[in-house]
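All remarks here apply to the structure that follows.
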Amino acid sequence: MLDWEHIFATRSSRMRASEIRELLKLLDQPDIISFAGGIPDPALFPDVAFKEAYSDIFSGAQVNAALQYSVSEGYKPLREWIARDVAKIGIDCTPDNVFITSGSQQALDYLGKLFLSPNDTALVTWPTYLGALSAFNAYEPNYDQLSLNGNRTPEAYRDTAAKTGGSVKFAYLSADFSNPTGETIDLAARERLLALADELDIAILEDAAYQHLRYDGEAIPPILALDIARRGGIENTRTIYSGSFSKTLAPGLRVGFVVAAMPVIRKLVLMKQAADLHSSTINQIAIEHVASRGFDAQVAKIKSVYSKRRDAMLAALDKYMPKNATWTRPEGGMFVWVTLPEGMDGAELLAKSIATEKVAFVPGRAFYADGSNANTLRMSFSCADEAMIDEGIKRLGRLISNAIRAAA
């Protein structure tokens, strides 16, 4: 057989299979209680609204435009809707500052391509979204831990980057209900990050995939909104905000977006022209139809369901988990992050859990750029009802308690 490895580009060696995508295959096994995939519950999709939207498209004057090539920036009425929506949270922009992507994952890939040369440094939280690491890895960066408590100086970041032959290019984070921890960055930390980015003269990539999924607590302005307020307008900002309709409307349509200053948008448009020309026209039109007719009602519906499931998972963890395990208590999103005693391995625990307890989760090591912290795991509450959550956490608590006793 042909040896392809010496033909492939060196960047291909940085490509890894996603543990999460592999675990999603478990969803097809009816006997598995899965807390693995951070995906929306399909029972909550606004399927009737989408049926009406596509029916309207195919029975009206839009059908030819919907089936035709379109502009790389994205369907203008959708960009107009997004500009109005983000204005509600302090992001004052025009539709020209909005760029449509094929899901927010494409946005991460484009932004990695735009900013990273080989050996440059990306600052990421510890842990961070696995999909971001997968997107950035192809551009051969180094990673450094983004500290949000102000205990690292700009010089320390610069020195670390210089030692590996590059420079710091951006800080990436999810500020609200992050994947994987479910945690939210407080206002003071957001302000510190803006100051650090000014000192380093880098971009901030704000991943807002879960922005709309707040169940309790007080909303905090997005980093881009703070940046706009400080600088007097979006064209002077260094924060790039990415969002998605995957967690609110439907992930299968693959519609995401970026909001940023025009110099960034212009570069992203050039990338899209070279990559896939434009995102699906008909799907963008359908998303705009559904969003403009009932986005707030859809968000209220899913928040009502997910908040109850979040509460059920936290109650079950309190009830069944051993005392030397800890976990986050998210105010929104889809995830709870569990930290087990030192020495335990989430991957080994998963294998035992699937074999004996029929419960799936995601081992936490994959979310660390350096592969550390094996004693962590991510659990999603979005696709299991309250009874399943209680039973699944009961089984998992039993397994973890037994593993701790066996190691003692």
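The values are calculated or read from the model by the stated rules, or taken from the named source; none is laboratory data. Because the structure is predicted, anything quoted here is derived from the model rather than measured. Methodologically, a virtual Cβ is constructed for each residue, glycine included, from the backbone with ideal geometry; neighbour enumeration extends over all protein chains shown. When the accessible area is computed, the model is the full protein with side chains, heavy atoms only, and any ligands, DNA or RNA have been set aside. Shrake-Rupley method; radii C 1.70, N 1.55, O 1.52, S 1.80 Å.
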- Note on the structure: Among Ala219, Ala189, Ala171, the single one that is under 30 Å from Val299 (Cα atoms), among the aliphatic types (A, V, I, L, M), part of a loop (DSSP other than H, G, I, E, B) and within 22 Å of the chain's Cα centre (by Cα) is Ala219
- Query: Hey, does the stretch 225-236 have a residue that's free of Cβ contacts under 8 Å to residues at least 60 places away in the same chain, open to solvent by less than 30 Å² (accessible area, probe 1.4 Å) and part of a loop (DSSP other than H, G, I, E, B)?
  - Reply: no
- Message: Checking the structure you have, find out if any residue of the stretch 40-47 is touching a helix residue (DSSP H, G or I) at 6+ places or on another chain (Cβ under 9 Å), within 26 Å of Gly364 (Cβ to Cβ) and at pLDDT below 90.
- Response: no
- Item | Matching residues in the stretch 138-173 - criterion: being surrounded by 20 or more Cβ atoms within 10 Å (Cβ to Cβ) and among the charged types (D, E, K, R) | Asp144, Lys169
- Those residues of the stretch 315-345 which are assigned to a helix (DSSP H, G or I) and either in contact with a Phe, Trp or Tyr (Cβ under 8 Å, 6 or more places away or on another chain) or not aliphatic (A, V, I, L, M) (or both), in sequence order: Leu317, Asp318, Lys319, Tyr320
- Message: Being farther than 30 Å from Asp390 by Cβ and open to solvent by less than 30 Å² (accessible area, probe 1.4 Å) is the filter here; which residues of the stretch 295-314 pass it?
- Response: Phe295
- Item | Yes/no for Gly333 being under 28 Å from His212 (Cβ atoms) and either touching a Pro at 6+ places or on another chain (Cβ under 6 Å) or not basic (Lys, Arg) (or both) | yes
- Item | Any hit, the stretch 311-319, residues being modelled with pLDDT of 95 or more and under 20 Å from the mean Cα position of the chain (by Cα) | no
- Message: Residues that are surrounded by fewer than 16 Cβ atoms within 10 Å (Cβ to Cβ), modelled with pLDDT of 95 or more and over 18 Å from Ile354 (Cα atoms): does the stretch 389-407 have at least one?
- Response: no
- Message: Looking at Ala122, Ala107, can you tell me which residue is part of a helix (DSSP H, G or I) and open to solvent by less than 10 Å² (accessible area, probe 1.4 Å)?
- Response: Ala107
- Query: Out of the stretch 373-403, which residues are touching a residue at least 40 places away in the same chain (Cβ under 8 Å) and part of a loop (DSSP other than H, G, I, E, B)?
  - Reply: Asn373, Phe381, Ser382, Cys383, Ala384, Asp385
- Query: Does Val336 satisfy the criteria of being touching a residue at least 60 places away in the same chain (Cβ under 8 Å), β-branched (Val, Ile, Thr) and either surrounded by fewer than 20 Cβ atoms within 10 Å (Cβ to Cβ) or closer than 20 Å to Gly38 by Cα (or both)?
  - Reply: yes
- When every residue in the stretch 181-198 that is among the acidic types (Asp, Glu) and in contact (Cβ under 8 Å) with a residue 40 or more places away in the chain is compared, the one farthest from Pro127 (Cα to Cα) is Asp198
- Task: Out of Arg14, Arg21, report the one residue that is within 30 Å of Ser117 (Cα to Cα), under 21 Å from the mean Cα position of the chain (by Cα), open to solvent by 80 Å² or more (accessible area, probe 1.4 Å) and at pLDDT below 95.
- Result: Arg21
- Message: Looking at Ala195, Ala171, Ala138, Ala208, can you tell me which residue is over 30 Å from Asp41 (Cβ atoms) and touching a strand residue (DSSP E or B) at 6+ places or on another chain (Cβ under 7 Å)?
- Response: Ala171
- Name the residues in the stretch 333-365 that are touching a strand residue (DSSP E or B) at 6+ places or on another chain (Cβ under 6 Å) and of a type in the set (S, T, N, Q), would you? Thr339, Ser353
